[in-house]
1. Rolling a 1.4 angstrom probe over the protein heavy atoms, how many square angstrom per residue are accessible across the chain?
2. Would you mind pulling out the separation of the Cα centroids of region 129-175 and region 271-344, in Å?
3. Would you work out which of 165, 140, 312 lies farthest towards the positive end of the dipole of the chain? Charges go on Cβ: Lys and Arg +1, Asp and Glu -1.
4. A 32 angstrom limit on the alpha carbon distance is what I want to check against. Which of 307/388; 196/262; 122/222 exceed it?
5. Lys/Arg Cβ at +1, Asp/Glu Cβ at -1, dipole of the chain taken about the Cα centre: which of 362, 109, 288 is farthest positive-ward?
6. What accessible area, in Å² to the nearest ten, does a 1.4 Å probe give for residue 70?
7. Could you pull out every one of the aspartates and glutamates with an alpha carbon less than 17 Å from that of residue 271, ignoring same-chain neighbours closer than 8 positions?
8. Using a 1.4 Å probe on the protein heavy atoms, what percent of the accessible area of the chain belongs to carbon and sulfur?
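The values are calculated or read from the model by the stated rules, or taken from the named source; none is laboratory data. From a predicted model like this one, the values you see are computed outputs, not experimental measurements. Neighbour counts run over all protein chains shown; Cβ positions are idealised from the backbone, glycine included. When the accessible area is computed, the model is the full protein with side chains, heavy atoms only, and any ligands, DNA or RNA have been set aside. Shrake-Rupley method; radii C 1.70, N 1.55, O 1.52, S 1.80 Å.
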Amino acid sequence: MPDTAQKKRIAIFGSTGSIGTQALDVIRTHTNLLEVEILTAQTNYELLIKQALEFLPNAVVIGDESKFDIVKDALSTTDIKVFAGEKALEEVADFDTYDVILTAIVGFAGLRPTLKAVKKGKVIALANKETLVVAGDIVMQQALQFRSPIIPVDSEHSAIFQCLVGETRNPIEKIILTASGGPFLGKKPNFLVNVKRDHALQHPNWSMGAKISIDSATLMNKGLEMIEAKWLFNLKPAQIEVIVHPQSIVHSLVQFEDGSMKAQMGLPDMKLPIQYALGYPLRLKNDFPRFDFKKYASLTFEEPDYKTFRNLGLSIEALKAGGNKPCVLNAANEIAVWAFLKNRIGFLDITAVVEKTMEKISFIEKPTLDEYFETDGEARNFAASLIKM
Ligand code: NDP
Ligand code: MG
């Protein structure tokens, strides 16, 4: 086993969330190989303090500046550096002292710190898919320029990444992203119109943060993942397909030019793709429950219901248009999901808000980074005006 000097130092941005806490579970079982260097949270200072006292990182960031004093006091007996506020995320992303950043912040807020880490040439374990949805061209171009490897954490993209190991000389014919279908698989608009927050949050196979749970229920998550896949694997829209696979055992597939298909399979457990990204290129031994064919009478696959789950069609439109369209789609969706979680709009209104915002905001074919930020702001304001928040 490697000694301490060779341990990978991990920065977890969004350590108090679903991905962040599972990443700490992974690190806890591989303390001989992995150690925590940075932890960040937005508001959950209590959990951040608890995590910091257990893992003793070099630095922590609490986004909510009003909680700075509490965190600082709680960690005063340690050497842990404490920072607060949005800017601090970029400051710690600029540190030399970590090897891998796990981007587990939710939403557009993940973009700036991720870009900072890319410019440092760090290894990016990318969970925050919104980063690539919004500004995939700039992120990928900078990753190439600064030699910053991007290892996907999203289970579908991790699956494809794993299928591509050893295939560098073999072009991809197409990829197939699997979708569980979410909690409302098979339901029609007359049912969805009355769906409430708590029901939509109950995903059948995965336990995730609130935003991605709603995105899974509306199928926006799969739309975002199509755009994420385009950038990660340098694909044309026509090379990206979606198939509904309710059991979530086949995590996605690649088809090569000889017609052969590779799939990556396993039980639905985010700890596996998180561990793969942190340990890459090694597969670290673990005792996670194993998939057993005998317990699954059948694995099934079906076409998505594009007519009911219109977010998928809107995402494909954004994927094909490129430019700032995906940024608009993402911003409007973040506002609409937030409003749905606050019981301000209905389930089907999420799609309506996204659609109207996409119609409204001017198209920019090749946006600069500043233009992405402007587009994000405009789209949020317009979406919010529709909701009258
Ligand atoms: P959660 O909502 O569970 O966690 C989000 C984390 O980000 C928390 O630590 C939160 O802090 C922090 N955070 C929230 N808002 C901000 C902000 N504005 N600035 C800085 N930090 C912030 O999300 P998930 O873990 O579910 O998802 C994280 C990312 O990973 C998302 O992009 C999601 O799409 C992606 N992903 C998640 C999967 C999953 O299984 N959960 C699967 C695949 C991808 P606090 O706790 O203090 O609010
Ligand atoms: Mg996914």
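1. With all protein chains present, the chain gives 45 Å² per residue.
2. Result: 15 Å between the Cα centres.
3. Among 165, 140, 312, the one farthest towards the positive end of the dipole of the chain is 312.
4. Distance filter (> 32 Å) returns 196/262.
5. The one lying farthest along the dipole's positive direction is 288.
6. Its heavy atoms expose roughly 80 Å² to the probe.
7. 25, 35, 154, 156, 287
8. Numbers: 9030 of 17550 Å².
Roughly 51 percent, rounded to a whole number.
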